[in-house]
1. Per residue of segment 108-116, what does 6.51 cos²θ - 1.76 cosθ + 1.60 with θ = phi - 60° give for ³J(HN,Hα)? Whole Hz please, x for Gly and Pro, Karplus curve as stated.
2. Which value, in Å², gives the accessible area per residue of the chain when a 1.4 Å probe is used on the protein heavy atoms?
3. Spin-label point model (7 Å from Cα, Cβ direction): what's the Lys45 to Lys171 distance in nm?
4. Just the accessible area for Tyr58, please: 1.4 Å probe, Å², rounded to the nearest 10?
5. Check Met39: other-chain or 5+ apart residues with amide H under 5 Å from its amide H, H built from backbone geometry?
6. Could you please state how large a percent of the accessible area of the chain is carbon and sulfur, counting protein chains only and using a 1.4 Å probe?
7. Given H placed 1.01 Å from N in the peptide plane, which residues other than close sequence neighbours of Val31 have an amide H under 5 Å from its amide H?
8. Using a cut-off of 13 Å between alpha-carbon atoms, which aspartates and glutamates can reach Lys2, once sequence neighbours fewer than 8 places away in the same chain are excluded?
Amino acid sequence: MKVAILSRNKNLYSTRRLKEAGEAMGHEVDVIDTLHCYMDITSSKSTVRYHGKELPMYDAIIPRIGASVTFYGTAVARQFEMMGTFNINESVAISRSRDKLRSLQLLSRKGIGLPRTGFANKPDNAKDLIKNVGGAPVVIKLLEGTQGIGVVLADTAKAAEAIIEAFMGLKANILVQEFVKEAGGADIRCLVIGGKVVAAMKRQGAEGEFRSNLHRGGTAEVVKLSKAERETAVNAAKAMGLNMCGVDLLRSQNGPMVMEVNSSPGLEGIENATGKNVAGMIFEFLEKNAKPNNTRTRGKG
Ligand code: ADP
Ligand code: MG
């Protein structure tokens, strides 16, 4: 197969590993800088141009689109879909997963376990919003946040109200969520490929930290999942329409709860914690599924 990885930086661990694993399996793998792709969208024959030349026809693309380039990145991915190239994660599914509210609404519609969550636009609703998710302590999150930045724990209703008012005063979009205390500062990252959990790790936040993000000093170890956890992760990936993703779960007293679904999951933490060749498994999925025009929307989304 001829495969393109859409990535801004060929030196990132995940990008490097994907290229290495694909080549080791006998595939031709190019790393293409998403932001340097450009296109003539009105031409009768869809193409993508790169550094003055038309890109060759690829069998598949693996988009690794960072949160800050979602808009342009999904447009580039959509162009490949229009050409009939198989995209492991469709552009519409990536857009869906980037919007935390939209994601939670989709998951909720499918009856998937979630922490009680509310959102509002005006601070005058703050008291009722807090009450509706079960009262303090609550977690308040910036919708655009990643790596734990903009995720705050408010111990009392007064503190929560003040934080909500402050964020709203800055015109930030937020959600308010029940604090799942019994998770003990840990979460479970499930790597789902083609409707199966292929690797999972438990991330534990640093001492005194409720956020388990590895970027915030959390540590990772391999973990055995329960049947319910496995099913929840697989159902979440399906609800989002993602063939490959990271599903983050909290272990709550009411069973597994999905916190977020990541369409460009990092491979470093999970490969190191589990010793598994996740990059290779992504290519195994492509070997079975990358047929021309096999992407559901073919760029229509
Ligand atoms: P980000 O997108 O910035 O990673 P998350 O929603 O994943 O934001 O939150 C970061 C971390 O905070 C999670 O990995 C988890 O450890 C902790 N956390 C988030 N929401 C809750 C919650 N409702 N209850 C308990 N812990 C939470
Ligand atoms: Mg997270």
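1. For segment 108-116, the Karplus-derived couplings read 4, 4, 8, x, 7, x, 9, x, 4 Hz, x marking Gly and Pro.
2. On a per-residue basis, the chain sits at 48 Å².
3. Reported label-point gap for Lys45 and Lys171 is 4.6 nm.
4. 10 Å²
5. It is Arg49, by chain and number.
6. 50 percent
7. So Val31 has HN proximity to Ile5.
8. Glu23, Glu28, Asp30, Asp59, Glu287
The values are calculated or read from the model by the stated rules, or taken from the named source; none is laboratory data. Note that the structure is a prediction, hence the values are computed from the model and not measured. Cβ atoms come from the backbone with ideal geometry, glycine included; neighbour counts cover every protein chain shown. Surface accessibility is based on the protein's heavy atoms, side chains included, excluding ligands, DNA and RNA. Shrake-Rupley method; radii C 1.70, N 1.55, O 1.52, S 1.80 Å.
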